[in-house]
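Beneath this line is the structure, given in C-alpha cells, with notes to follow.
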Amino acid sequence: MKEKEKEKREVGLPELPLAKGEKVVMRFAPNPNGAATLGSTRGIIVNSEYAKMHDGKFILRFDDTDPVLKRPLLEAYDWYLEDCDWLDAKPDEVVVASERMDLYYKYAEELIKKGAAYVCFCPADVFKTYKEQKLPCPHRNVNVEANMECWEKMLKGVYEEKEADLRVKTDMASEDPALRDWVAFRILKREHPRVGEKYVVWPTLDFESAIDDHLLGITHIIRGKDLKKSEKRQRFLYNHLGWKYPGTIVWGKIKMQEFGKFSTSELRKRIESGEYEGWNDPRLPTLKALRRRGFQPEAIRKFFISIGITQTDIAVSMKNLYAENRKTVDALASRYFFVRNPKEMRKKDEKSFVAKALKHPSREDYREIRTGNTVYISGDDFAKLKQGQRIRLKFLYDVEIEQIEPLVANVVETPAEDVPIIQWAPSEGIKVVVKKPDGTDEGIGEPLIASELGNVVQFERYGFVRIDSVVEKEEGKEKEVVAYFTH
RNA sequence: GCUCCGGUAGUGUAGCUCGGCCAAUCAUUUCGGCCUUUCGAGCCGAUGACUCGGGUUCAAAUCCCGACCGGAGCACCA
C-alpha cells in the first residue's frame, strides 16, 4: 500500500490544494501570436492533467488583447485547438478575450464609479518619477464624474495612443514598486486580426486575466514566475470588487538544452523572414515540429508531468523526452534499412537475392528486399572497413572485403562468430532524405519505406524517423522519400 | 537602486508543511557487463547530490539567521 502510493506520486503531479468539495476549474491562457512551443505545451498538459485528476474542467482562453506588440496570428487560434486535441487535452470550454471587451469595459466603469480606478494622463516617464517617490500623480484624486467623462472620451477615440490610460488604484506607498497603481487599459489604435477596428481601448493582461479568471470560475491558476507579481497586483482589483482570489501555483521557466532561449515573437520573426520552413520546421521547439517528427502525445504528456512544477528555472535535455518517446515508439516502429552517404559494394557472385528481413525483432512478419550483385552500405561503415575483414550484411550473408577502392567483396558461405553486423540498401533502393534538427542526411533505403507514409519507423542503426512525404519522380517510377528524424 | 522568489547527483525530480525510519527517491545521462543476426531496444550493475557558515535540538536536507549564487518584477508586453 505504502509502496503503491509512492509509485503513484513519482509519476504524477502533486495534489492540488483543494478547498473542500470545490470543483476544480483550470485554464491555459496563451496569446495566439504563434504556434504552441514546448513551453506552452507544458501549460496545456499540466493544466489539463489537474483537471483530469480532480474530475474538473479545463478551459482554453486566448489572451489576445494586444494587437500591436504581441499581435495575434489568426491561424494560431485553430492551431492551439488542434494541439490540445492531439495532446488529449481537449478543452471543455474555449474563450477568446477579444470577444469579451464589453465585459472588461463594464468592470472598468464599475471601478471608476467606486473611485478605484482613474484615467491618467501622465507620460510614462513622468508617472515613473511619481512612482519612485511613492507619490500620487495629479490625476489620481480627480472626482468620479470627471473620470467617467475622460473614460468615455477614451473609448470614443478622442485621445491618441499614450495620451491617456486607465490605472487601478493600489497603494502608491507600497514597499514594492511593482505594485503601485498599475495600468488596466491603454489606447491602441490598430485593427485587431479578430475583431477589426471596433475597439481603441484595450485591457492589459493583468486586468483582462484577473476579470476572466473570476468570471470563468477558475479555482487554480498556474503561472510562470515572470507573472508572479500579477497576483499581488490583481488582488487589489479583487478587493475593490469584493471577489475571492483563486489559488495560485508558480513555476519557473523551462528551457530545452538543445534549443536554448526562444520566444514566440522571435520564432515568428524568423519564420516570416524565411529562415525556417514554417512552424513545423524540425529545427524548431514547437509542438507542430515534434508532431511532424513522430513524437507520441502520451510520451510528451508523461515527459512534462515528470518535470513537475517547481519554482526553479530548469534546463531540461530533450534526451529525457527521447527516452520517454522511445518506450512507446519502439514497439510500434517497423524496421527498415537506410544507409547514409551510400557507398556501392560489388559482390563477386552474379546472383541476385531476396532477403527476408524481420519487420520487428519481437514480431514474426517480415519484409523482402531484392538485390542484385551490388548493395550499398553507409559511408560511416565504409570508413571503418579494412581489407580482408569480414562483415555481415544483416539478413543477407557474410562477406569478406577483397578490396576497398572500389569496394569489392566475396560472399562467405560459412558464417563466422562475432562479425560486425551492418545494414545495407539494395541496388534498386530509393533515395531518402532525412531532415533532422541539426541538418539533413541523404542516402538510400529499401523501396518498402515508401509504403510507410505518415508512420514512424526505425532505420536500423540510425534512429527513429517519421515518413513525411513520398515524391514520385515524373514518369520514371523512381521515388524519393522525405523523412523527419525523431531521435 | 527598490521589491520578491529560488538553490537536492551531469540533467530533471521525490523528501522540506508535521526534524529522527534519509549514509536521501525515481527517471535520464555517462561508464561497465549480459543478451540479441539491428539499435539510440531489453536485462543487470557502477559512478554520482542535500550551495556555504553559524544557531536551535538528544537529533536538521527538513526549523531560524547570515553569506554566496541564480532568477523574476518595478512596460500604455503577454
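Data table
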item: Failed condition for A:TYR159, given (1) touching a residue at least 60 places away in the same chain (Cβ under 8 Å); (2) buried (at least 19 other Cβ atoms within 10 Å of the Cβ); result: (1)
item: Residues of the stretch A:200-221 satisfying the condition of being in a helix (DSSP H, G or I), buried (at least 16 other Cβ atoms within 10 Å of the Cβ) and not polar (S, T, N, Q); result: A:LEU205, A:ASP206, A:PHE207, A:GLU208, A:ALA210, A:ILE211, A:ASP212, A:ASP213, A:HIS214
item: Qualifying residue in the stretch A:222-231 (condition: surrounded by 19 or more Cβ atoms within 10 Å (Cβ to Cβ), farther than 30 Å from A:ASP171 by Cα and out of contact with any His (no Cβ under 7 Å at 6 or more places or on another chain)); result: no
item: Hits in the stretch A:370-381 - residues which are open to solvent by less than 30 Å² (accessible area, probe 1.4 Å) and in contact with a strand residue (DSSP E or B) (Cβ under 6 Å, 6 or more places away or on another chain); result: A:THR371, A:THR374, A:VAL375, A:ILE377, A:SER378, A:GLY379, A:ASP381
item: A:PHE207 in contact with a helix residue (DSSP H, G or I) (Cβ under 9 Å, 6 or more places away or on another chain), under 30 Å from A:PHE303 (Cβ atoms) and not charged (D, E, K, R); result: no
item: Selection status of A:PRO193, more than 11 Å from RNA strand B (Cβ to nearest atom) and modelled with pLDDT of 95 or more; result: yes
item: Sole exception among (1) closer than 27 Å to A:GLU266 by Cβ; (2) at pLDDT 95 or above for A:LEU69, by number; result: (2)
item: 2 or more residues exposed (fewer than 12 other Cβ atoms within 10 Å of the Cβ): qualifying strands (runs of 3 or more DSSP E) within the stretch A:327-369; result: A:353-358
item: Number of the condition not met by A:MET172 [criteria: (1) in a loop (DSSP other than H, G, I, E, B); (2) free of Cβ contacts under 8 Å to residues at least 40 places away in the same chain; (3) not aromatic (Phe, Trp, Tyr)]; result: (2)
item: Meets criteria (within 14 Å of RNA strand B (Cβ to nearest atom), in a helix (DSSP H, G or I) and open to solvent by 20 Å² or more (accessible area, probe 1.4 Å)) for A:ALA299; result: no
item: Matching option when the condition is farther than 25 Å from A:PRO91 by Cβ and within 14 Å of RNA strand B (Cβ to nearest atom), among A:ARG235, A:ARG223; result: A:ARG235
item: Count of the stretch A:390-413 residues which are closer than 14 Å to A:ALA355 by Cα and open to solvent by less than 40 Å² (accessible area, probe 1.4 Å); result: 4
item: Single match in A:LYS114, A:LYS106 (criterion: touching a Leu at 6+ places or on another chain (Cβ under 9 Å) and closer than 30 Å to A:MET154 by Cβ); result: A:LYS114
item: When residues of the stretch A:417-444 are limited to those that are of a type in the set (S, T, N, Q) and modelled with pLDDT of 90 or more, the one farthest from A:LEU358 (Cα to Cα); result: A:THR440
item: Cross-chain or 6+ apart pairs with Cβ under 8 Å, the stretch A:253-269 first and free of Cβ contacts under 8 Å to residues at least 12 places away in the same chain, then outside any helix (DSSP H, G or I) and within 13 Å of RNA strand B (Cβ to nearest atom); result: A:LYS261/A:LYS255
item: Single unsatisfied condition, A:ARG293 versus (1) more than 9 Å from RNA strand B (Cβ to nearest atom); (2) outside the structural domain of A:GLU15 (by TED's automatic domain parsing); (3) not small (Gly, Ala, Ser); result: (2)
item: Restricting the stretch A:281-296 to residues that are in contact (Cβ under 8 Å) with a residue 24 or more places away in the chain and over 11 Å from the mean Cα position of the chain (by Cα), the residue that is surrounded by the fewest Cβ atoms within 10 Å (Cβ to Cβ); result: A:ARG283
item: Residues of the stretch A:64-106 satisfying the condition of being in contact with a strand residue (DSSP E or B) (Cβ under 9 Å, 6 or more places away or on another chain), open to solvent by less than 50 Å² (accessible area, probe 1.4 Å) and either aliphatic (A, V, I, L, M) or within 10 Å of RNA strand B (Cβ to nearest atom) (or both); result: A:ASP64, A:THR65, A:ASP66, A:PRO67, A:ARG71, A:PRO72, A:ALA76, A:ALA89, A:VAL95, A:VAL96, A:ALA97, A:MET101
item: Hits in the stretch A:115-127 - residues which are surrounded by 13 or more Cβ atoms within 10 Å (Cβ to Cβ) and at negative phi; result: A:ALA116, A:ALA117, A:TYR118, A:VAL119, A:CYS120, A:PHE121, A:CYS122, A:VAL126, A:PHE127
item: Failed item, numbered, when A:VAL411 is tested on (1) within 12 Å of RNA strand B (Cβ to nearest atom); (2) in contact (Cβ under 8 Å) with a residue 24 or more places away in the chain; result: (1)
item: A:SER273, sole failed condition from (1) in contact with a helix residue (DSSP H, G or I) (Cβ under 8 Å, 6 or more places away or on another chain); (2) exposed (fewer than 14 other Cβ atoms within 10 Å of the Cβ); result: (1)
item: Filtered residues of the stretch A:307-326 (kept if near RNA strand B (Cβ under 6 Å from one of its atoms) and in a helix (DSSP H, G or I)); result: A:ILE307, A:LYS319, A:ASN320, A:ALA323, A:ARG326
item: Count of residues meeting criterion [open to solvent by less than 80 Å² (accessible area, probe 1.4 Å) and part of a loop (DSSP other than H, G, I, E, B)] in the stretch A:135-147; result: 6
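The values are calculated or read from the model by the stated rules, or taken from the named source; none is laboratory data. Please read these numbers as outputs of a predicted model, since none were measured by experiment. Glycine also receives a Cβ, built like all others from the backbone with ideal geometry; neighbour counts cover every protein chain displayed. Note: areas computed on protein heavy atoms with side chains; ligands, DNA, RNA excluded. Shrake-Rupley method; radii C 1.70, N 1.55, O 1.52, S 1.80 Å.
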